[in-house]
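The values are calculated or read from the model by the stated rules, or taken from the named source; none is laboratory data. None of the values given here were measured: they were computed from a predicted structure. All Cβ positions, glycine included, derive from the backbone under ideal geometry; neighbour counts span all protein chains shown.
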Amino acid sequence: MAHGIMENDTMFSGNGIRPWHGIGTVLDDCPTSDEAIRIARLGWDVKQEPVYLNNGTKIDGVWANIRQDTKDVLGIVRDKYRIVQNAESFAFVDNIISNTKGIECRYETAGSLFNGKRVFMLVRLPDMDLVGDKVENYLFLSNSHDGSTGLMAGISNVRVVCNNTLQMAEREASRIWKIRHTESLKGKQAEAEMALGLALSYNERIKEDAEKLAVQKLDEEKFFREFFKKLNLTDKSKEKVMFSIADIYKNKDDLQNFKGTKWGIYNAVADYVSNSEPLRHTSTMADRKMAAFMDGYTMLSSAYDILAA
């Protein structure tokens, strides 16, 4: 399937939100890690087994990552590859949250894709007020068992009124922390806590930046001229994108209080990116949220760079 959900995958979504592509379990609340592992059916381990040629000759330095409950081959990896089990990933996130924020770790979303080749989880953090808007804060983690990516964790923010993903202050604090599967997860806990602790603290800088952008006048012509240069699209596609953003900026009800300001145009870009075609019709809110967190939005980052310059 195009969305990556196959016969041996499952997931859940908390707070009554419909899960990825409508497939999975909807919960009224958000579970703890032990409950999340059970509900998302992530209680299986990965074991490495040797790889052989058709004639029975073992291939040195190469191993197959095998999902133990289904015996699916998740990937072929080298000697240096270190497995991070699902339970380890949840424990890793639990420790980061409890040590950095001192709050209980509750999972809003967790599950697997491609029969377990990729595992993801999303933790809801305390909300904040941003220029009069409620903003939800999340910590996400993504891990692969096929050797395609390392372990990746990070922070993201969502403006609730229209589910816009916000990415700001990246120049001062990294939003994402990564570790390769050639490194041991043990000993990386303190490093991750420090990196993500700094990322969490950028919420305060986001508030400061938002308040500045909300009172700074926007030079529309200059913004769109610079924005046009940064878009990695054909000229025709660029014009379509900028027309859509300008229409949102001028006409969307929840942005009228910020018309004429940099904060208004930034949120117009965020609205376009979070809700534009084809995502609006082909994906659920959970799809867009997870994609934004794990992959980021180049267009939104470009807009912020122009406005903050």
Of everything in the stretch 124-149, what is under 17 Å from Lys207 (Cβ atoms) and part of a loop (DSSP other than H, G, I, E, B)? Give them in sequence order.
Val131, Gly132
Would you be able to say whether some residue in the stretch 73-92 is more than 22 Å from Ile39 (Cα to Cα), in a strand (DSSP E or B) and among the basic types (Lys, Arg)?
yes
Which residues, counting only those in the stretch 103-116, are closer than 21 Å to Asp146 by Cα and buried (at least 23 other Cβ atoms within 10 Å of the Cβ)?
Ala110, Gly111, Ser112, Gly116
Which ones in the stretch 257-272 are of a type in the set (Val, Ile, Thr) and in contact with a Phe, Trp or Tyr (Cβ under 9 Å, 6 or more places away or on another chain)?
Ile265, Val269
Got a sec? Which helices (runs of 4 or more DSSP H) wholly within the stretch 205-282 have at least 3 residues that are at pLDDT 90 or above?
220-230, 235-251, 262-275
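Conditions tested, residue by residue: (1) modelled with pLDDT of 95 or more; (2) surrounded by fewer than 19 Cβ atoms within 10 Å (Cβ to Cβ); (3) at negative phi.
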site: Ala36; (1), (2), (3): no, no, yes
site: Ile39; (1), (2), (3): no, no, yes
site: Gln68; (1), (2), (3): yes, yes, yes
site: Tyr81; (1), (2), (3): no, yes, yes
site: Glu88; (1), (2), (3): no, yes, yes
site: Ala91; (1), (2), (3): no, yes, yes
Residues that are touching a residue at least 60 places away in the same chain (Cβ under 8 Å) and in contact with a strand residue (DSSP E or B) (Cβ under 9 Å, 6 or more places away or on another chain), drawn from the stretch 42-77:
Leu42, Trp44, Val46, Asn65, Arg67, Asp72, Leu74, Gly75, Ile76, Val77
Looking only at the stretch 60-75, which residues are in contact with a Gly (Cβ under 9 Å, 6 or more places away or on another chain) and under 14 Å from Gly43 (Cα atoms)?
Arg67, Asp69, Thr70
Restricted to the stretch 283-309, and to residues that are surrounded by 15 or more Cβ atoms within 10 Å (Cβ to Cβ) and charged (D, E, K, R), which residue is modelled with the lowest pLDDT?
Asp287
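Each row is one residue, and each column tells you yes or no for (1) assigned by TED's automatic domain parsing to the domain that holds Glu183; (2) in contact with a His (Cβ under 8 Å, 6 or more places away or on another chain); (3) within 15 Å of Gly116 (Cα to Cα).
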position	(1), (2), (3)
Glu35	yes, no, no
Lys47	no, no, yes
Leu53	no, no, no
Gly56	no, no, no
Val62	no, no, no
Arg67	no, yes, yes
Thr70	no, no, yes
Gly75	no, yes, yes
Residue check: is Ile97 without any contact (Cβ under 8 Å) to a residue 60 or more places away in the chain and assigned to a strand (DSSP E or B)?
no
Selection from the stretch 219-257 of residues that are closer than 17 Å to Val131 by Cα and more than 27 Å from the chain's Cα centre (by Cα)
Asp253, Gln256, Asn257
